[in-house]
Amino acid sequence: MGDPIPGARISPADPRFPLRVVGLMSGTSHDGVDAAACELRLAGDTLTLTPLGHLSVPYPTALRNELVAALPPSATSAETFCRLDTGIGQAFADVAARAVAELCDGRADLVVSHGQTVFHWVSDGGASSGGPGGGVRGTLQIGEPAWIAEATGLPVVSGLRTRDVAAGGQGAPLVGLFDALWLGGRPGTAVALNLGGIANVTVLAGTGDAPVAFDTGPACALLDAATRHVTGGRLVFDADGALAARGRVLPDLLARLLDEPYYARPAPKSTGKELFHLSYLLDRLGPAEPMAEDLLATLVALTARTVADAVRGTATEVVASGGGTRNPVLMAALRAELPGVAVLGSDELGVASQAKEALAFAVLGWHTWYGLPGVLAGATGARHASVLGSVTPGPDGRYPPGRSAGVERPGRLEIARAV
């Protein structure tokens, strides 16, 4: 499809229409809601993304405490999940309404909500047991989208992971399409890295080869859990890696941590806090708990090593985003593990590190709106690429137009100058 005729009117049913989208994300650190707004418009085979800004809002303390208490390996109840589904849905709705008002001048067309992951169900023989296989049977994100639609008056795309799982995929990570459209064509082999609670990568293979996206293991999940543990809850994360910077890596502990079968499994694969949580860590510390600083330094080394091992010998460039990029000790350790490989932040390529995942889900929701697959064939291990998610109409009943005749999935993503 070419550019529209000058002066011709374009409707929101046409992907050439500049659709204003708000993406909402809360990751495995489950500390709050990130919102990123953008304008998306298709011209030829290029999808142009114009960032409109982003914001991050912590969960209310009581809501976060109840969420943390309900997560694996804790036991919980249907009543608790019902309360959390409502409370998180309302928190997402509040952030979405703020994003529309503050980032979009009060005018948006679509909200895309990732929701809050509370469980990622890996089959027996997968990450939870260390055996071969590792198929995903289900994944659960909560945060009822009806609250968002009611608060914003906009349609909401949500539940994006489950369709990929139903098609035999891992359902995570789902940012591979964004990464491939954005970084495809760069010289060498680019790897997109997200350092959230769990670290994930998209490895962009050579011409004609499909990218592959997978979780490498823990990033901030064990670091944050250890920080809360060693400080008695006084600190929830190691700001600027200050504790880790004063410690030394303990080789024996690092070796025990690296002896986790998940790391040896072939990609595509996915994991979460169902495996990498505080009890998992404490079980591996041995009879004498190490000094706090040494424990944090060793966990930094674990993340850097497992990420590097996943891309070593393949990557010529790593483009990093996520909360872990704010930890200079972790970034320095990663660069030390990958000599000769350029390790840069996504900000250097026009995508704000803290907004990248929310923007990625905005792009996935745009694909859903126009009836286009939101995953790349083979990237998650699915049998085929699927149109992702479910749609909650806005109060006016607006619903996706679906795929227009002759419209194909974009071939590249161009990041325009932020407004």
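The values are calculated or read from the model by the stated rules, or taken from the named source; none is laboratory data. Keep in mind it's a predicted model, so treat the numbers as computed, not measured. Please note: Cβ atoms are built from the backbone with ideal geometry, for glycine as well, and neighbour counts cover all protein chains shown. All accessible areas refer to the heavy atoms of the entire protein, side chains included, with ligands and DNA or RNA removed. Shrake-Rupley method; radii C 1.70, N 1.55, O 1.52, S 1.80 Å.
Contact map, the stretch 182-194: residues that are within 20 Å of Pro51 (Cα to Cα) paired with residues that are of a type in the set (Asp, Glu), Cβ distance under 7 Å, separation 6+ or inter-chain. Pairs shown: Ala192/Asp179; Asn194/Glu357. Given the structure, is Ala226 of a type in the set (A, V, I, L, M, F, W, C), in a helix (DSSP H, G or I) and free of Cβ contacts under 8 Å to residues at least 12 places away in the same chain? No: the conditions fail for Ala226. Taken together, Pro339, Pro290, Pro328 contain a single residue that is open to solvent by 20 Å² or more (accessible area, probe 1.4 Å), out of contact with any helix residue (DSSP H, G or I) (no Cβ under 8 Å at 6 or more places or on another chain) and closer than 30 Å to Asp259 by Cβ, which is Pro339.
Figure legend. Inter-residue proximity from the stretch 22-34: first residues free of Cβ contacts under 8 Å to residues at least 60 places away in the same chain, second residues open to solvent by 10 Å² or more (accessible area, probe 1.4 Å) and in a strand (DSSP E or B), beta-carbon distance below 7 Å, spacing 6+ or different chains. Indicated pairs: Gly32/Ser56; Gly32/Val57; Gly32/Pro58. Can you tell me which residues in the stretch 236-257 are of a type in the set (Val, Ile, Thr) and within 28 Å of the chain's Cα centre (by Cα)? Result: Val236, single match. I'm trying to understand the selection: among the residues of the stretch 293-319, which are in contact (Cβ under 8 Å) with a residue 60 or more places away in the chain, part of a helix (DSSP H, G or I) and open to solvent by less than 30 Å² (accessible area, probe 1.4 Å)? Result: Leu295, Leu296, Leu299, Val300, Leu302, Thr303, Thr306, Val307, Val311.
All conditions in (1) of a type in the set (Gly, Ala, Ser); (2) under 21 Å from Val68 (Cβ atoms); (3) in contact with a strand residue (DSSP E or B) (Cβ under 7 Å, 6 or more places away or on another chain); (4) not in a strand (DSSP E or B) hold for Ala199, with the sole exception of (4). Against the numbered list (1) buried (at least 22 other Cβ atoms within 10 Å of the Cβ); (2) within 30 Å of Ser270 (Cβ to Cβ), Pro73 comes up short only at (1).
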